[in-house]
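Each remark here refers to the structure printed beneath this line.
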Amino acid sequence: MICSPVHLPVSPDPSLPCQLPLSDIYYSGFTIYDSRVPTKSRSPYLNLDAFDSETNQLNVIVDTPKGNRNKFEYDEKSELFKLSGVLPVGASFPYDFGFVPSTRGEDGDPLDVLLLMDDPAFVGCLVPARLLGVIEAEQTERSGDTMRNDRLIAVAAKSITHRSLKSLGTLDGNLVDQIEHFFISYNEIKGKQFKPLGRFGPTRARRLIDEGTKLFRSSKRKRGARNSTIT
């Protein structure tokens, strides 16, 4: 038998009909949780929509600020940001880098976003943004497996320096070339290959996010179905 979370002001009463081994329970405030039963994540990063329902602005979570050699990523299991790699001396992220919550790409990770803004944000910062477009690309892993791994491009909604930007086509072509070169070099360092396929505007980018949102919801339903089989 599985005990549902029980709200008590004190420790469990030994006379309760359903008891759990001490190793399987933990306390959070006045709530007793069964560690064997998956609970809904309390992380705001995992329960945030891709777009704000009121402003329709893109929600971007920054995991690696501009100018950093350290690459951070959000770990859904621990619900913490962790160090995932370090760039060599002389290399750093040209702009803030992050992800769109409640999305999944072909690689199983949230969709990536390169974010243009006036000054670097910080790890874990939520930045309302305007979608400019996408650099569609294929990424080949060390194993030889190739999959899509697109790079969305957005600008912070409150940016002053970049407030005139409306689409990827309004960005200087040399700048986009440099952005592509960064991702090519970044993947080479990790023993991977990054091959740009094309540059597209906000309409195509929005379509990719909508597809990523559907994939996220699908994977969430599958996890829920697996969890419901626990007895």
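If only one of Ser228, Ser219 is of a type outside the set (A, V, I, L, M), closer than 24 Å to Gln139 by Cβ and modelled with pLDDT under 95, which one is it?
Every option except Ser219 fails the conditions.
Among the residues of the range 95-109, which ones are of a type in the set (Gly, Ala, Ser) and out of contact with any Asp or Glu (no Cβ under 6 Å at 6 or more places or on another chain)?
Passing the criteria: Gly105, Gly108.
Look through Asn149, Asn187, Asn174 and report the one residue that is within 25 Å of Tyr45 (Cβ to Cβ) and over 18 Å from the mean Cα position of the chain (by Cα).
The unique qualifying residue is Asn187.
Restricting to the range 107-119, give me the number of residues that are in a loop (DSSP other than H, G, I, E, B) and crowded, with 16+ Cβ neighbours inside 10 Å.
Of the residues in the range 107-119, 3 are in a loop (DSSP other than H, G, I, E, B) and crowded, with 16+ Cβ neighbours inside 10 Å.
Pairs, please: C-beta under 9 Å, at least 6 apart or cross-chain, first residue surrounded by 13 or more Cβ atoms within 10 Å (Cβ to Cβ) and in the range 194-221, second of a type in the set (D, E, K, R) and part of a helix (DSSP H, G or I)?
So the pair list comes out as Phe194/Glu180; Phe194/Glu188; Pro196/Glu180; Arg199/Glu180.
Within the range 187-208, is there a residue that is of a type in the set (Gly, Ala, Ser), at pLDDT below 95 and either touching a Ser or Thr at 6+ places or on another chain (Cβ under 7 Å) or within 21 Å of Pro110 (Cβ to Cβ) (or both)?
No.
Out of the residues in the range 140-189 meeting the condition of being touching an Asp or Glu at 6+ places or on another chain (Cβ under 8 Å) and of a type in the set (D, E, K, R), tell me which one is surrounded by the fewest Cβ atoms within 10 Å (Cβ to Cβ).
Checked the range 140-189; the qualifying residue surrounded by the fewest Cβ atoms within 10 Å (Cβ to Cβ) is Arg148.
Go through the range 60-92 and give me each residue that's of a type outside the set (Gly, Ala, Ser), more than 13 Å from Pro120 (Cβ to Cβ) and in contact (Cβ under 8 Å) with a residue 60 or more places away in the chain.
The answer is Val60, Ile61, Leu87, Pro88.
Go through the range 53-74 and report how many residues are of a type in the set (Gly, Ala, Ser) and surrounded by 16 or more Cβ atoms within 10 Å (Cβ to Cβ).
Final tally of qualifying residues: 0.
Going by what's in this entry, would Phe97 be described as under 23 Å from Leu80 (Cβ atoms), outside any loop (DSSP other than H, G, I, E, B) and hydrophobic (A, V, I, L, M, F, W, C)?
So Phe97 passes the test.
Would you pick out the residues in the range 156-212 that are in a helix (DSSP H, G or I) and among the aromatic types (Phe, Trp, Tyr)?
Those that are in a helix (DSSP H, G or I) and among the aromatic types (Phe, Trp, Tyr): Phe182, Phe183, Tyr186.
Does the range 43-64 include one or more residues that are modelled with pLDDT under 95, of a type in the set (A, V, I, L, M) and farther than 26 Å from Arg206 by Cβ?
No, the range 43-64 has no match at all.
Please go through the range 75-105 and give me each residue that is more than 12 Å from the chain's Cα centre (by Cα) and exposed (fewer than 15 other Cβ atoms within 10 Å of the Cβ), ordered by number.
Selection gives Lys77, Ser78, Lys82, Leu83, Ser84, Gly85, Val86, Pro88, Val89, Gly90, Ala91.
Hey, among Val100, Val123, Val113, which residue is of a type in the set (A, V, I, L, M, F, W, C) and touching a Lys or Arg at 6+ places or on another chain (Cβ under 9 Å)?
Val113
For Leu132, only one of the following conditions fails: (1) in contact (Cβ under 8 Å) with a residue 60 or more places away in the chain; (2) assigned to a loop (DSSP other than H, G, I, E, B); (3) crowded, with 19+ Cβ neighbours inside 10 Å. What is its number?
(2)
The values are calculated or read from the model by the stated rules, or taken from the named source; none is laboratory data. Predicted model, so just to flag it, every value in this text is computed and none were measured. Reconstructed Cβ throughout: ideal geometry from the backbone, glycine too, with neighbour counts over all protein chains shown.
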